[in-house]
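In what follows, a single structure is set out as structure tokens and then discussed.
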Amino acid sequence: MNEPNLPQVVDGDAPVFAISVAAHLAGMHPQTLRSYDRMGLVSPQRSRGRGRRYSPRDVARLRLIQRLSQDEGVNLEGIRRILVMQDEIDRLRRQAAELGELLQAARVAPENRLFAADTGGRVHLSERERWLFAAPRAIGR
């Protein structure tokens, strides 16, 4: 039973949990979440009344912090470094995916090619680029 006005997919970055709920979901005390916020390990969004609002992604990050601390024995500075590196990896993965999409689009559209290869394997400017490079010279004459 799907309600037409309800979202079908939950946004992982939507600030939906109050600190008490986020603490319960992460298995932590609310004061621990406040400490992690001050340390910059998790940065929840703020409501109009300045209360912290945690997203599902924030809760997952809190669970990771707890696992690294309790199960793996990593200190908070080590956890901070791990999180910084993980954020960088995530950013680089997004960038690589975007570049892959751009590359695929360029491969699909022959009119976007800058260079072409003839049957002998020699590479030269495509017809479009040859015209673009020749046009300014012709205009300047």
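Structure summary
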{"read-out": "Cross-chain or 6+ apart pairs with Cβ under 6 Å, region 75-97 first and free of Cβ contacts under 8 Å to residues at least 60 places away in the same chain and closer than 17 Å to Arg61 by Cβ, then of a type in the set (D, E, K, R) and part of a helix (DSSP H, G or I)", "value": "none"}
{"read-out": "Selection from region 8-20 of residues that are under 14 Å from Arg63 (Cβ atoms) and either at pLDDT 95 or above or surrounded by fewer than 14 Cβ atoms within 10 Å (Cβ to Cβ) (or both)", "value": "Gly12"}
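The values are calculated or read from the model by the stated rules, or taken from the named source; none is laboratory data. Only a predicted model underlies this, so the values are computations on that prediction, with no experimental measurement involved. Please note: Cβ atoms are built from the backbone with ideal geometry, for glycine as well, and neighbour counts cover all protein chains shown.
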